[in-house]
Amino acid sequence: MSMTVKIFAVIALLAAAAPVAAQDYPNRPITLIVPYAAGGGNDLMARSAAEKMSKTLGQQIVIENRGGAGGSIATRQIAKSAPDGYTLGLGGTGTHAINPTLYANVGYDPRKDFAPVGLIATSALVVCVHPSLLAKTIPELIALAKKEPGKINYASAGTGSGIHLGTEYLASMAGIKLTHIPYKGSAPALTDLVGGHVAIYFSSLPPAIGLIKEGKVRALAVTGAKRSAILPDLPTVAEAALPGYEAVLHYGIVAPAGTPRPIIEKLSTALRAAVMSDELKARLADDGAEPLPSTPEEYAADIDREETKWAAIVKLSGAKAE
């Protein structure tokens, strides 16, 4: 048998084996890597989706938290994992849209190195200010900032975070200059907003709701394309002052590139069922997030759009990861 014939024989065997492997899938537990520390909103979202998917697939999905470098270290590991459907990852705006530009060498291509499974949810932020700031609306905030460029400061959960870049995006569209004060996480940033040490903070919804109701912080607007069901009287930034402004975080599940299509379809079907379940919808609503069921193709298109958008914002902000 010639070498060429042998090569074709091997290819034929592999091609025949793939559908069998997919039919048998999954026959052991699946690992879902969350590229952040346990306990955060990303982690809870992943666990909620995994729990529902496990029941559909008949195999447990085990969550593995691997934090570091804004999620880029674990995301690089996900990209390099075996494409057999047994190692998945939580993808998001940070890992797939921001980090590829924020880091000089992130170590993966968000479009080429992953097989998108589907989206889980989208989450907006709420623009909060300390009550001492003489601004009760976004137009008033913009007017105040224009009078004193750079004097008003804002907190973020760290340089290059969605909160940092969402604020810079607003400042750019409004033509104002704000002074950035980065913190190591959301909790200390929000604490200093309440304490009056910073004037503005774009918070995720769950920790801000109680503070808004108690009058400890003032909410001006939400950053999504539409109003939040939790704060229906609050306008969006777009309708209040800046048409076209939207700064939301997207979350989904990805597999390594090369994962067989039948396996991706099986995972995608289980994920969509989870996302559309009443139980997961209720959990997401509690976190101020909205379900975003999608096909693998729709998630791939979303990654492409989001990376293009956020790459431009990162460059505009001048942010670089240390």
Legend entry - Gaussian network model of the chain, springs between alpha carbon atoms under 10 Å - residue of ASP302, ASP233, ASP84 with greatest fluctuation: ASP233
Legend entry - Dipole of region 278-322, positive direction: furthest Cα of THR295, ALA282, ALA312, with charges on the beta-carbon: ALA312
Legend entry - Electrostatic dipole magnitude of region 273-312 [Cβ: Lys, Arg +1; Asp, Glu -1; Cα centre; debye, to 20]: 60 debye
Inset, instruction - Excluding residues fewer than 8 places away in the same chain, name every one of the lysines whose C-alpha is closer than 22 Å to that of LYS52. - result: LYS266, LYS281
Legend entry - Size descriptor, Kirkwood hydrodynamic radius, that averages inverse alpha-carbon separations across the chain, Å: 20.8 Å
Inset, instruction - Quick one: pull the percent of accessible area on the chain belonging to carbon and sulfur, 1.4 Å probe, ligands and nucleic acids left out. - result: 57 percent
Inset, instruction - May I ask you to list the residues of region 97-119 whose amide nitrogen lies under 18 Å from a point 7 Å from Cα along the Cα→beta-carbon direction of ALA273? - result: 117-119
Inset, instruction - Over all directions, average the projected area of the Cα convex hull of region 188-322 and note it in nm². - result: 11.0 nm²
Inset, instruction - Could you calculate the FRET efficiency of GLU239 with LYS184 from 1/(1 + (r/R0)^6), where r is the beta carbon distance between them and R0 is 41 Å, rounded to 0.05? - result: 0.75
Legend entry - Rounded, prolate or oblate (a/c below 1.5 giving rounded, otherwise prolate when a/b exceeds b/c) for region 149-243 by Cα gyration tensor: oblate
Inset, instruction - Calculate, in nm to one decimal, what ALA301 and ALA143 gain on full extension: separation in residues at 0.36 nm each, minus their alpha carbon distance. - result: 53.2 nm
Inset, instruction - Give, rounded to the nearest 20 debye, the magnitude of the charge dipole that the chain has about its Cα centre when Lys and Arg contribute +1 at Cβ and Asp and Glu contribute -1 at Cβ. - result: 380 debye
Inset, instruction - Counting only heavy atoms of the protein chains, get the accessible area per residue of the chain (1.4 Å probe) and round it to a whole Å² value. - result: 45 Å²
Inset, instruction - Set the Förster distance to 45 Å, then compute FRET efficiency between LYS151 and ARG261 from the Cβ-Cβ distance, nearest 0.05. - result: 0.25
Inset, instruction - Using only alpha carbon pairs under 8 Å that are at least six residues apart, calculate the relative contact order of the chain and give it in whole percent. - result: 27 percent
Inset, instruction - Run through the DSSP bridge list for the chain and note the antiparallel percent, rounded to the nearest 5. - result: 60 percent
Inset, instruction - Would you work out which of ALA115, LEU134, ALA219 lies farthest towards the positive end of the dipole of the chain, given +1 charges on the beta-carbon of Lys and Arg and -1 on that of Asp and Glu, about the Cα centre? - result: LEU134
Inset, instruction - At most 15 other Cβ atoms within 10 Å and a DSSP loop assignment: could you name the trypsin sites (Lys or Arg not before Pro) in region 217-322 that fit? - result: LYS226, LYS320
Legend entry - the chain: angle of helix 41-57 to the longest principal axis, Cα-based, in degrees nearest 10: 30 degrees
Legend entry - Amide N proximity, region 194-229 versus SER132 label position 7 Å along Cα-to-Cβ, cut-off under 13 Å: 194-200
Inset, instruction - Within the set of other residues whose C-beta is less than 9 Å from the C-beta of PRO256, count the net charge using Lys and Arg as +1 and Asp and Glu as -1. - result: -1
Legend entry - aspartates and glutamates with Cα under 14 Å of LYS216, excluding same-chain neighbours fewer than 8 positions away: ASP192
Inset, instruction - Round to the nearest 10 and give me the degree value, 0 to 90, for the angle of helix 3-24's Cα axis relative to the longest principal axis of the chain. - result: 60 degrees
Legend entry - Within region 185-260: Cβ-based charge dipole about Cα centre, in debye rounded to nearest 20 (Lys, Arg +1; Asp, Glu -1): 100 debye
Legend entry - FRET efficiency for LYS320 and LYS55, using Cβ-Cβ distance with R0 set to 56 Å, rounded to 0.05: 0.85
Inset, instruction - Provide the net charge surrounding TYR201, with neighbours chosen by a C-beta distance below 13 Å and charges set as Lys +1, Arg +1, Asp -1, Glu -1. - result: +1
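The values are calculated or read from the model by the stated rules, or taken from the named source; none is laboratory data. What you see is a predicted model, and the numbers here were worked out from it, not measured in a lab. Glycine also receives a Cβ, built like all others from the backbone with ideal geometry; neighbour counts cover every protein chain displayed. The protein model used for the area step is the full one, side chains on, heavy atoms only, and it has no ligands, DNA or RNA in it. Shrake-Rupley method; radii C 1.70, N 1.55, O 1.52, S 1.80 Å.
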